[in-house]
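Worksheet: one structure, shown below.
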2 protein chains.
Amino acid sequence: MPRSQRRRPTLIHPEPNEFDVLDILHALSDPTRMTIVQTLRAAPERACGTFPVDVAPSTLTHHFRVLREAGVIRQREDGNRRWTALRGEDLETRFPHLLDAIVTAYESGLAPPR
Amino acid sequence: MPRSQRRRPTLIHPEPNEFDVLDILHALSDPTRMTIVQTLRAAPERACGTFPVDVAPSTLTHHFRVLREAGVIRQREDGNRRWTALRGEDLETRFPHLLDAIVTAYESGLAPPR
């Protein structure tokens, strides 16, 4: 069977009322995963190979899984491609201001501190 | 030499301009460490044995170290006791609103979600 026709496992996404802050904090405590989130804030949906991160594909798959299972991103299959989007509204509904506060702090930390 | 007179290693505390958001997120992504932070928000300084957490002393020492090295808490020796305080002002100066947003989200997650 061609690789493109193999059935891939269904992607599990928690509902907003299942989100756990501690999982979200853990998901965002890694520089590659934070870069994925920053990239998605600038674009509604991206194909998986298009993120500006320099890690092996299997490592990237792991990072996506951590983000997905925490509720930070949503992924969908479209033929041979997997598309990734930020769950910005779901996060905002469940934990208002949390993502903004974290990304703002992260980006301020990239600049030279006062 | 009595145990109380043994020299303990100096406690290292990062300066606010050395704080890393990712370390802070990691430090706060654990339920015991979050309970320590919640407890310290209600009291300026506490002795180490007085936190409402149910873990072994060596585990608690580890959790304090993770929080201390991320800049979340400050610890000082006073004779035989170690005192712990939240570095609320340092955190607020370096990353405004971050700790509030995280603790608010955590506490809202403890209540039944909408």
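The values are calculated or read from the model by the stated rules, or taken from the named source; none is laboratory data. It should be emphasised that the depicted structure is a prediction, and the values quoted were computed from it without experimental measurement. Quick reminder, even Gly has a Cβ in these numbers, built from the backbone with ideal geometry, and neighbours come from all protein chains shown.
The table that follows gives values for the structure above.
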quantity: Per-region count, segment A:60-75, residues touching a Ser or Thr at 6+ places or on another chain (Cβ under 9 Å) and either at pLDDT below 95 or more than 18 Å from B:His26 (Cβ to Cβ) (or both); calculated: 6
quantity: Enumeration of residues in segment B:33-52 that are among the hydrophobic types (A, V, I, L, M, F, W, C) and either at positive phi or at pLDDT 95 or above (or both); calculated: B:Met34, B:Ile36, B:Val37, B:Leu40
quantity: Selection count, segment A:22-38, where residues are at the interface with chain B (Cβ under 7 Å from one of its Cβ atoms) and closer than 19 Å to B:Tyr106 by Cβ; calculated: 5
quantity: Residue satisfying all of: in segment A:47-92; among the aliphatic types (A, V, I, L, M) and within 17 Å of A:Val21 (Cα to Cα); surrounded by the fewest Cβ atoms within 10 Å (Cβ to Cβ) among these; calculated: A:Val66
quantity: Flag if A:Ile12 is crowded, with 16+ Cβ neighbours inside 10 Å and either more than 19 Å from B:Asp23 (Cβ to Cβ) or modelled with pLDDT of 95 or more (or both); calculated: no
quantity: Where a residue in segment B:64-84 is under 23 Å from A:Tyr106 (Cβ atoms) and its partner, wherever it lies, is of a type in the set (Phe, Trp, Tyr), with Cβ under 6 Å and at least six apart; calculated: B:Gly71/B:Phe19
quantity: Of residues in segment A:93-108 being surrounded by fewer than 18 Cβ atoms within 10 Å (Cβ to Cβ) and free of Cβ contacts under 8 Å to residues at least 12 places away in the same chain, the one farthest from the chain's Cα centre (by Cα); calculated: A:Ser108
quantity: Members of segment A:37-46 that are over 10 Å from the mean Cα position of the chain (by Cα) and crowded, with 16+ Cβ neighbours inside 10 Å; calculated: A:Arg46
quantity: Which numbered condition A:Asp54 misses (of (1) under 30 Å from B:Leu67 (Cβ atoms); (2) out of contact with any helix residue (DSSP H, G or I) (no Cβ under 8 Å at 6 or more places or on another chain)); calculated: (1)
